[in-house]
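To start, the structure itself, in C-alpha cells.
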Amino acid sequence: MTGNTVMRATDVHKRFGRLEVLKGVSMEVERGETVCVIGPSGSGKTTFIRCINHLEKIDGGRIEVNGHLIGYREHRGKLVEDSERSIARQRTQIGMVFQRFNLFPHKTAIENVVEAPMRVLGTKKGEALADAERLLARVGLADKHGTYPGKLSGGQQQRVAIARALAMQPALMLFDEPTSALDPEVTGEVLTVMEELAHDGMTMIVVTHEMGFAREAADRVVMMDGGVIVEEGTPEHFFTDPEHERTRQFLSKIL
Amino acid sequence: MLAAFDWHILWQRIFHPDHAFALALWRTVYIAVVAQILGVALGLLAALMRMSRLVVLRALSNTYTLVFRGTPVIVQIFYIYLGVNLLLGFTLIPNNVNFGLFTVSGAAFAGMLALGINEGAYMREIVRAGIDSIDRGQMEAAKSLGMTTGLGMRRIVLPQAARVIVPPLGNEFNNMLKTTSLLAFIGVTELFQDAEIHYSQTFKPVEYFTAVAFWYLVLTSVWSLIQARIERRLGASDLGDEPSMRQRIVENWTSRAWLTR
C-alpha cells in the first residue's frame, strides 16, 4: 500500500441473511481525494460505506484505513473480529455523517460537537470548546452553539453533524446520503460546506445523488449496482460518455 | 350490632398523630424510597444484561424477571425474611441492620430487599422500553465517533431514555408507597401495622383503616406533585419542532409501558 492510500477495500462481501448485498467490492481512496458513490437504491452503496467504519460486519474481503485493518485482526491466517475497544479506537479516525443527522437531541449544538473529543480523546474542556466554536463557525453556525437540535432546521442540523464529525480530526470522512432527508431549498447550504471541505483537502467518500456536487467537488465517481462496482471515472466521464448501459439508465433518471 | 362510626378516632389520627405514628410514617417513606432505588438499580442492570452478547447474562436477566414477576410479592417478602438465612446457612439478614444514620430491624431490611428485588423485575421492562424508544441512529452516531457501547449507553442513550422512563417510574413509586403495607405481615411497624395495633386494642377497624387510607392518600398526593415537577423539568429543554420528548413520553406512557405489565 502506498503511503498516500487512506482507504483500501479489497473484495468486500456482505450478506444480510440470504441476500448478498456486496459481491466483491474493491476500492482505493487516496489522501485528499473526494469520491462520490452513486447508484440505484439497493445497489449496496450505503452498506458499503457503513462497512468502512464497521457499523456493518463484513463476510469476506478486507478493509484498511491508514494501513490498519478495520474491525478485524489476523489470527493464524484468518480474520477474527477485533475487540470493541479497538474498533472504537479505529473509528476515531473515520468521521461519519448520516442521512438522518443523528444529532444528540439532549445536547446543544456545541455540546454535540465537544462530546466525543472530551469523552473519547480526553481533550480538555477549554480546548474542545474553542475547537468546536471554530468548527461551528466553519459550517456557518457560530450563532447557534447554544441551540438544541430540535430548534434547528434540517440543513443546520446536518451542518452541526459535519462539525461534530470533524471535531475528531478524522483522516477520512464518510457521508451517507447527507442531503437525501433535506428539503430541496436547504441542500445547497450543506453541499457548499462539503465542497469547501473537499477543496480544503479532506479525504471524503460521499454516497449521493447530487451530480452537481460530484461535478464541483469529486475527483472520482463510482457507480454501484447489484452489489458490485459497475463503472468508475472522473465526473466528466460520467457526464459525457458513460460506458455501461446501466450507468446511462441510472444517470438519465437522476439528471 | 350497630356500631356508630367513631369520628373522634378519625379526627385524632389525622390531626393529632402520636409519636409512634410519626415513626411508622417515616418508616413507610424510607422503606419505599430505598426499595425503589434498589429496584431502579436492579432494573437497569437487568435491562442491560438482557441486551448483553453473553447468553448467561441474558438468561439470568430473563429468569429473574420470570420468577419475580410471576410470584406474589407477599411470598417473596416472607421468603426473603425467613428463607434466606435458612438456605444460606449464615445470617444475611441480622436482627438489626445499622445504616450509620439510623438502624433498621432485620424485618424492615428484608422487606426493603424483597420489595426492591421485586420492583427491579418490573423496572427492567420499563428501562427496556425506554432504551428501545431511542432511535438506533443515536448509538450508531456515538459509535461512529469512537465511543464504546458502554460509553454511548451512558452518555447518549440512557440520558434520553430517562425522560421516557420517568413517568412510569413515578407510577411505580406510587405503587411502592402502598405496597410497603405488606411488610406489616413480617412485623415491620409501618403505617399499616401501626393502624392494626390500634384496632386490635380498640376493635374499631374501620376508623383506623380510614385514617391510614387518608395518610397513604397524603403520601401519594405529595408524590404526584413532585412527579409532575420532575416531568416538567425534564420536558423543558425540548420545545423544538422535532416530535417532542414530551409527546414521546406521553405516547410511551399510554401504550408501551402498560402493555408490558
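Read the figures in this text as sums done on the coordinates, not as results from a lab. All figures in this text were calculated on a predicted structure; none of them were measured in a lab. As a convention, Cβ positions derive from the backbone with ideal geometry for all residues, glycine included, and neighbour counts pool all protein chains shown.
Observations on the structure shown:
- Cα gyration tensor shape for the stretch A:1-95, rounded if a/c is under 1.5, else prolate or oblate: oblate
- Computed on the Cα trace of the stretch B:1-100, the radius of gyration divided by the Kirkwood hydrodynamic radius gives Rg/Rh = 1.16.
- Largest GNM mean-square fluctuation among B:L225, B:L66, B:L145, using chain B with Cα springs under 10 Å: B:L145.
- Using Cβ point charges alone (K and R +1, D and E -1), the dipole size of the stretch A:1-86 about the Cα centre works out to roughly 260 debye.
- Note, ³J(HN,Hα) from phi for the stretch B:38-46, Karplus 6.51, -1.76, 1.60, rounded to Hz, x at Gly and Pro: 4, x, 5, 4, 5, x, 5, 4, 5
- Lysine pair count for the protein assembly as shown with Cα-Cα distance under 23 Å and sequence separation of 8 or more or different chains is 23.
- Rg/Rg_ref, the stretch B:110-222, where Rg_ref = 2.2 N^0.38 Å and atoms are Cα: 1.56
- With Cα atoms defining each centre, the stretch B:13-53 and the stretch A:233-247 are spaced 69 Å apart in the structure.
- Gain in span if fully extended, A:E185 to A:Q169, counting 0.36 nm per residue against the direct Cα distance: 2.8 nm
- For chain A, built as a Gaussian network whose Cα springs stay under 10 Å, the top-fluctuating residue of A:T147, A:T203, A:T47: A:T147
- Proximity of backbone amide H atoms, modeled 1.01 Å from N, is registered between A:L79 and no other residue at under 5 Å, excluding neighbours fewer than 5 places apart on the same chain.
- Each Lys and Arg contributes +1 and each Asp and Glu -1, all at the Cβ; summed about the Cα centre of the protein assembly as shown, the dipole is approximately 1480 debye.
- When the Cα convex hull of the stretch A:126-255 is projected onto planes of every orientation, the mean area is 8.9 nm².
- In order along the stretch A:173-186, the Karplus-derived 3J(HN,Hα) couplings, from 6.51 cos²θ - 1.76 cosθ + 1.60 at θ = phi - 60°, round to 10, 10, 10, 9, 6, x, 10, 5, 8, 9, 5, x, 6, 10 Hz, and Gly and Pro are given as x.
- The alpha-carbon atoms of chain B, seen along their principal axes, cover 73, 51, 37 angstrom, with the largest extent given first.
- Summed residue charge, Cβ within 13 Å of A:Q249's Cβ, Lys/Arg positive, Asp/Glu negative: -1
- For the stretch B:33-116, the set of trypsin sites (Lys or Arg not before Pro) satisfying both a DSSP loop assignment and a count of at most 13 other C-beta atoms within 10 Å is given as B:R53.
- Applying a DSSP loop filter and a limit of 14 other Cβ atoms within 10 Å to the trypsin sites (Lys or Arg not before Pro) in the stretch A:59-153 leaves A:R76, A:K124.
- Whole-percent P(r), the protein assembly as shown, all Cα pairs, 10 Å bins from 0: 4, 15, 21, 19, 15, 11, 8, 5, 2, 0, 0.
- The equivalent ellipsoid of the stretch B:174-230 has semi-axes of 25, 13, 6 Å, largest first, where each one is the square root of 5 times an eigenvalue of the Cα gyration tensor.
- Shielding of A:103-110 by partner chains, average beta-carbon count, 10 Å: 5
- Sequence-ordered 3J(HN,Hα) estimates for the stretch B:132-147 from the Karplus curve with 6.51, -1.76 and 1.60 and θ = phi - 60° stand at 4, 6, 8, 3, 4, x, 5, 5, 4, 4, 4, 5, 5, 8, x, 7 Hz, glycine and proline given as x.
- Chain B - mean residue ellipticity at 222 nm from DSSP helices (-39,500 (n - 2.57) per run, n ≥ 4, rounded to 500): -23000 deg cm²/dmol
- Between A:T34 and A:M204, A:D219, A:R220, the built amide H atoms are under 5 Å apart, and every one of these is 5 or more places off in sequence or on another chain.
- Selection among B:V212, B:I37, B:T103 by position relative to the dipole of the protein assembly as shown gives B:T103 as farthest towards the positive end (Cβ unit charges, Cα centre).
- Rg to Rh quotient for chain A, alpha carbon positions, Kirkwood Rh: 0.97
- Length-normalised contact order of the stretch A:1-61 in % [C-alpha pairs under 8 Å, at least 6 apart]: 38 percent
- Here the Gaussian network model covers chain B, with springs between Cα atoms less than 10 Å apart; of B:G100, B:G39, B:G150, B:G100 fluctuates the most.
- Loop-located chymotrypsin sites (Phe, Trp or Tyr not before Pro) in the stretch B:1-68 whose Cβ has at most 16 other Cβ within 10 Å (DSSP): B:F5
- Signed unit charges on C-beta, dipole axis of chain A, positive-most listed residue A:G71, A:F239, A:A181: A:G71
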